[in-house]
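Notes for the one structure printed next.
The values are calculated or read from the model by the stated rules, or taken from the named source; none is laboratory data. Everything quoted here is computed from the prediction, not taken from an experiment. Cβ placement follows ideal geometry from the backbone for every residue including glycine, while neighbour counts extend to all protein chains displayed.
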Amino acid sequence: MPLNHQNRDQSYTFDSPSLSGHSPMINYRKDAKKGVRFTFMVVGESGTGKTTFINSLLSQKVLNHRYEPQTTRYVAASETKTLTFTSAKSVALPNTSILTRDEFNPETIHEEPGIALTETNVEIIDDEGLKLLLSIIDAPGFGENLNNELCFVEIESYLKQQFDLVLAEETRIKRNPRFSDTRVHVLLYFITPTGHGLREIDIQCMKRLSKYVNIIPIIGRADSFTPKELEYFKTQIRTDIENFNVPVFSFDNYLSEYDEEEDYDIIRECKYLANLQPFAIISSEDEYEIRDPKTGQTSIVRARKYPWGIVDINDPKISDFSVLKSVLLGSHLQDLKDLTHDFLYETYRTERLTKVTGARDLGSTDELNDDIEFHDTVEHHPDLLHQESSQFSVNSATVPSLSNLAQLTNTLQGSSTNGDLSSLTSDHSLKKSKSMLLEEEEEGIQSSHLKDIASFTSSTSTISLENSHKHHPHEATNPQPRASQNAAFKRLSIGPQRSQLRQISETVPYVIRHERILERQQKLEEMEMASAKELAHRASLLEQKAAELKAKERALKKRLDLERQRKQSLTSQREVDEFDEEEGVSKDNGYGGNHHQLPKDATLTDLHSIVSSH
Amino acid sequence: MPEPVGIANLPNQRYKIVSKQGATFTIMVCGESGLGKTTFINTLFHSGLKPYQDPAERHNKFSSAHQNVEIDIVRAILEEKNFKIRLNIIDTPGFGNNVNNHDSWTPIIDFIDDQHESYMKQEQQPSRSEKKDLRVHACLYFIRPTGHSLKPLDIEIMKRLSTRVNLIPVIAKSDTLSPKELDTFKSRIRDIIEAQDIAIYTPPLELDDPASAEHSKQLIEAMPFAIIGSEEEVETGPGQLVRGRKYPWGIVEVENEEHCDFKKLRSLLLRTNMLDLILSTNELHFESFRSVKMGGSDEENGEEEKELTNENGEVVKKPSISKKPRRLHNPKFKEEEDALKKFFTEQVKAEEQRFRQWETNIVNERNRLNQDLEEMQSKLKALEEQVKKLQLTKR
């Protein structure tokens, strides 16, 4: 903790460009060699400044703008690949969509773009050789469809999938050493700068996704507000966040964890950040020369240039850009990662395992009941009792042991989740409760499991004494209830549990995969249906058009015939006239000859015209 | 030289009549919220005509963020040099704010058609000297300054608007786009408008008057207008107050041609082309509506209208379909009704639950009190017993 503390202090100076200066990563030499993975996602409507923000955050051109030709890319290291694509109409193929083709075509702009997810990997190496592996996930097309429901669904399912992958890997007996964690650690939500507050889409999106990811709301393009308007807008957003219970990442949640005197600076910093939220940023890719009016010195900065002035994006008075940068890549990077793993992922895991295993174990009620009793005695320990929500007791009625453990860890973590502290304490308690339940064999599996957790969280090696003390009574009192149970019961409960655990570790990855496959299948079926419908619709439209065309053709033909006949009748009449003059043949005959050639309905008018022209 | 007869005075007489009658002008502002529609109106007329929406009423009362598109009308009479103009400003708050924006244009399109229809009905009345006219003369569509392109929603509604009113697209809040970005954005929008067959209003080119032709040309070239609105006056120099926005990095002047096209738009709307806007509404849009409505009195016109609506793909209701069934079929109303019903049942359930809880609480309380009472009584009895015993022993 003290080490961390020092680093955090530094992080708060705005103009520290190097990562090592303010990253807690300095503690992890090992990590430094491997590189620290950090994944973040940018979500927001088009034109809210996502691309520009990323490019200015990393001080290099990483992403291309919308409709920008590919050739302008000059960072070879980064490559954008499309992860998923869903079209709004379900007929369009990925390569025909505006999003993936990415060129400006005014002819097709009225089509709904659907939504895609793209990933860009960037490596940043700072002066001290620390490597940061950044994955940036962008969601182009968000908010651009007429019905934007599918945008949340798509992003949500992507986030879920990443959790599932980790979960499957975790439960496996043999693990893939090169498994890479693709969970998204933070989602930057770009609020459309309306000046009024949040809109339905913002609220719904943030609410839905907050289960799977830390959300930091951001006001992009803050240069469209005067300071007064910006203040008003921020207040409105804060009220909306409160009113609609939008669970965004908050900096002042765990302040009570810190020691009032020792960590005074951290507390102050977090409070400052909490007051600043939502961050209002201005970003730019261009650099301009600015002359300081006081000293007369010129410096080159990233800025936006308007006819009425130049906006320096690093100026903390007008833009929170530099603060956000230091939060994201420095002071809170580890916090965000830890929170993702310890809180969000754990909650998800609990839910998931409860569902997967709960359904399977309903059959063996006898042992289960015993199990419950056993667990109750363990877990309704006075120390924990106040933390356990009522949901726990509800769950325990149907839930086998593993998920209960998860629940236990979860409640513990929920109570003390602030990165550095939590993972160790929870692992500690996890081990405790497990060691009571399991014989050596399971221990083998589980300990690897624990190691895994530990490596994932990559927590600090500092255990606060206070915490370990807290768990001593837990340890001490536990044997008593266990001792009070009879031995037969113990055998009964442990027997099935052993196989159960193994079963879980064997089946969970497959169950998860199976579920995903089912989901995908269902989706594909839906899509097929929709496209069939769409095709039928199009076919009927085409048929209609064909019928219309045919009718038109017929009408035209008719007219043509008429025309021709009229011409003929005219020429024949002329002939008749000539005849008249030359041979004096009676007119009646000439008309009679014409009469036979004309179709019935046309005769009358034609005759009429002939007569009138005569 | 003989004295003129006085025929040349006719324009002057006309002038008097017109200035006495005044004029009616209806502007509709349309676009997503937060694009400065209200501010623009207030900037345009130099007054706080239109009040801002109360932030507390932005969202639905039923604790959902869903918003319905509404039609909001502000009427005002403006007087300048004794000439009165009756101004109607129509706002469409809530447009484009929802997750699902399908059909969110229906209320707006319906409103425009309704005005045409009511005007037509009034025209058919025996006495038609006093007509209420709310036909929209100019519709400003506000485009979000994304710098990329238009959204499908923009295109859908602009297509529909363009066949009914004089559509003038404007880029809102253009002070967030640098000149270079603005140029690209404008040219993209122009491309889209052309490619998508959106008929925007263009001022007529009068070839016999080179000055006005030049002016019109400038206006056409500046489309879509990039505007900035502000109600505040800020100081640019000593004693110089202009309408503008004051940023820490500089002052954006609303009436500065280098900063935005506000002046051009104002000229188009009020100074040079107002009459043309009013006339073209009457001659073009109202006429085409009328001919469609009257049902094939003018065959060609009707066909044209049909084609225009067919191009939009999907199911487009022709304006000739009578209004009433369409009203009933508006899916938004249905949705709202369902939501309300759901809300109601939920509320009722919650209340019932609460009452039940209350009841059980009361029952419990009563039981407890009864128990207490019994205990008390038994205690009393015991005490009485004791007293008796004591009395007995005393004796």
Legend entry - Selection count where residues are in contact (Cβ under 8 Å) with a residue 40 or more places away in the chain and more than 30 Å from residue B:157 (Cα to Cα), scope the range B:9-35: 2
Legend entry - Members of the range A:527-572 that are within 30 Å of residue A:114 (Cβ to Cβ) and in contact (Cβ under 8 Å) with a residue 12 or more places away in the chain: A:527, A:530, A:531, A:534, A:535
Legend entry - Count of residues meeting criterion [more than 14 Å from chain A (Cβ to nearest Cβ) and touching a residue at least 60 places away in the same chain (Cβ under 8 Å)] in the range B:125-147: 9
Inset, instruction - Return yes when residue B:225 is within 26 Å of residue A:67 (Cβ to Cβ) and touching a Lys or Arg at 6+ places or on another chain (Cβ under 7 Å) and no when it is not. - result: yes
Legend entry - Failed item in (1) within 14 Å of chain A (Cβ to nearest Cβ); (2) at pLDDT 80 or above, with residue B:223 passing the rest: (1)
Legend entry - Hey, residue A:236 crowded, with 21+ Cβ neighbours inside 10 Å and part of a helix (DSSP H, G or I) or not: no
Inset, instruction - Go through the residues of the range A:176-187 one by one and say whether even a single one is part of a strand (DSSP E or B) and surrounded by fewer than 20 Cβ atoms within 10 Å (Cβ to Cβ). - result: no
Legend entry - Odd one out for residue B:189, checked against (1) away from chain A (no Cβ under 14 Å); (2) outside any loop (DSSP other than H, G, I, E, B); (3) hydrophobic (A, V, I, L, M, F, W, C): (1)
Inset, instruction - Taking residue A:283 as meeting all but one of (1) in contact with a Leu (Cβ under 8 Å, 6 or more places away or on another chain); (2) of a type in the set (Ser, Thr, Tyr); (3) modelled with pLDDT under 75, write down the number of the exception. - result: (3)
Inset, instruction - Need at least 3 residues that are within 23 Å of residue A:209 (Cα to Cα) and at pLDDT below 85 per element, so show me which helices (runs of 4 or more DSSP H) inside the range A:291-382 make the cut, counting only ones lying wholly within it. - result: A:333-339, A:346-360
Inset, instruction - Kindly indicate the residue of the range A:206-223 that is out of contact with any strand residue (DSSP E or B) (no Cβ under 7 Å at 6 or more places or on another chain) and buried (at least 20 other Cβ atoms within 10 Å of the Cβ) and also farthest from the other protein chains (Cβ to nearest Cβ) among those meeting that condition. - result: A:212
Legend entry - Inter-residue pairs, beta-carbon under 9 Å, first at pLDDT 85 or above and in the range B:175-189, second part of a helix (DSSP H, G or I) and among the hydrophobic types (A, V, I, L, M, F, W, C), 6+ apart: B:177/B:185; B:186/B:222
Legend entry - Spans of strands (runs of 3 or more DSSP E) in the range B:216-283 with at least 2 residues among the basic types (Lys, Arg): B:240-247
Legend entry - Meets criteria (at pLDDT below 85 and in contact with a Ser or Thr (Cβ under 6 Å, 6 or more places away or on another chain)) for residue A:182: no
Inset, instruction - Please specify each residue of the range B:236-272 satisfying the condition of being away from chain A (no Cβ under 14 Å), in contact with a strand residue (DSSP E or B) (Cβ under 9 Å, 6 or more places away or on another chain) and surrounded by fewer than 23 Cβ atoms within 10 Å (Cβ to Cβ). - result: B:241, B:264, B:265, B:269, B:270
Inset, instruction - Only residues in the range B:193-212 that are in contact (Cβ under 8 Å) with a residue 24 or more places away in the chain and more than 14 Å from every other protein chain (Cβ to nearest Cβ) count as the first member; pair them with residues that are surrounded by 15 or more Cβ atoms within 10 Å (Cβ to Cβ) and of a type in the set (Asp, Glu), Cβ under 8 angstrom, at least 6 apart or cross-chain, and list the lot. - result: B:203/B:276; B:204/B:276
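Conditions tested, residue by residue: (1) among the hydrophobic types (A, V, I, L, M, F, W, C); (2) surrounded by fewer than 19 Cβ atoms within 10 Å (Cβ to Cβ); (3) more than 9 Å from chain A (Cβ to nearest Cβ).
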| residue | (1), (2), (3) |
| --- | --- |
| B:74 | yes, yes, yes |
| B:77 | yes, yes, yes |
| B:101 | no, no, no |
| B:123 | no, yes, yes |
| B:151 | no, no, no |
Legend entry - Enumeration of residues in the range B:332-350 that are within 22 Å of residue B:107 (Cβ to Cβ) and either surrounded by fewer than 10 Cβ atoms within 10 Å (Cβ to Cβ) or not aromatic (Phe, Trp, Tyr) (or both): B:332, B:334, B:335, B:336, B:337, B:338, B:339, B:340, B:341
Inset, instruction - Taking only the range B:153-186 into account, find how many residues are buried (at least 24 other Cβ atoms within 10 Å of the Cβ), at the interface with chain A (Cβ under 10 Å from one of its Cβ atoms), among the polar types (S, T, N, Q) and in a loop (DSSP other than H, G, I, E, B). - result: 0
Inset, instruction - Answer with yes or no whether residue B:384 is without any contact (Cβ under 8 Å) to a residue 40 or more places away in the chain and part of a helix (DSSP H, G or I). - result: yes
Legend entry - Count - residues of the range A:239-279 that are under 21 Å from the mean Cα position of the chain (by Cα), of a type in the set (A, V, I, L, M) and either outside any loop (DSSP other than H, G, I, E, B) or at pLDDT 85 or above (or both): 1
Inset, instruction - Would you please name the residue that is modelled with the highest pLDDT, looking only at residues in the range B:40-72 that are within 14 Å of another protein chain (Cβ to nearest Cβ) and crowded, with 21+ Cβ neighbours inside 10 Å? - result: B:40
Inset, instruction - Tell me which residues, restricted to the range B:79-93, are in a loop (DSSP other than H, G, I, E, B) and surrounded by 15 or more Cβ atoms within 10 Å (Cβ to Cβ). - result: B:92, B:93
Inset, instruction - Could you figure out which of (1) more than 14 Å from every other protein chain (Cβ to nearest Cβ); (2) surrounded by fewer than 22 Cβ atoms within 10 Å (Cβ to Cβ); (3) in contact with a Pro (Cβ under 9 Å, 6 or more places away or on another chain); (4) modelled with pLDDT of 80 or more isn't true of residue A:226? - result: (1)
Legend entry - Set A:523, A:533, A:557, A:545: member being outside the structural domain of residue A:161 (by TED's automatic domain parsing), surrounded by 13 or more Cβ atoms within 10 Å (Cβ to Cβ) and in a helix (DSSP H, G or I): A:523
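Results for (1) part of a helix (DSSP H, G or I); (2) within 23 Å of residue B:201 (Cβ to Cβ); (3) touching a Phe, Trp or Tyr at 6+ places or on another chain (Cβ under 8 Å), shown as yes or no for each residue.
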| residue | (1), (2), (3) |
| --- | --- |
| B:95 | no, yes, yes |
| B:116 | yes, yes, yes |
| B:120 | yes, yes, yes |
| B:129 | no, no, no |
| B:135 | no, yes, yes |
| B:147 | no, no, yes |
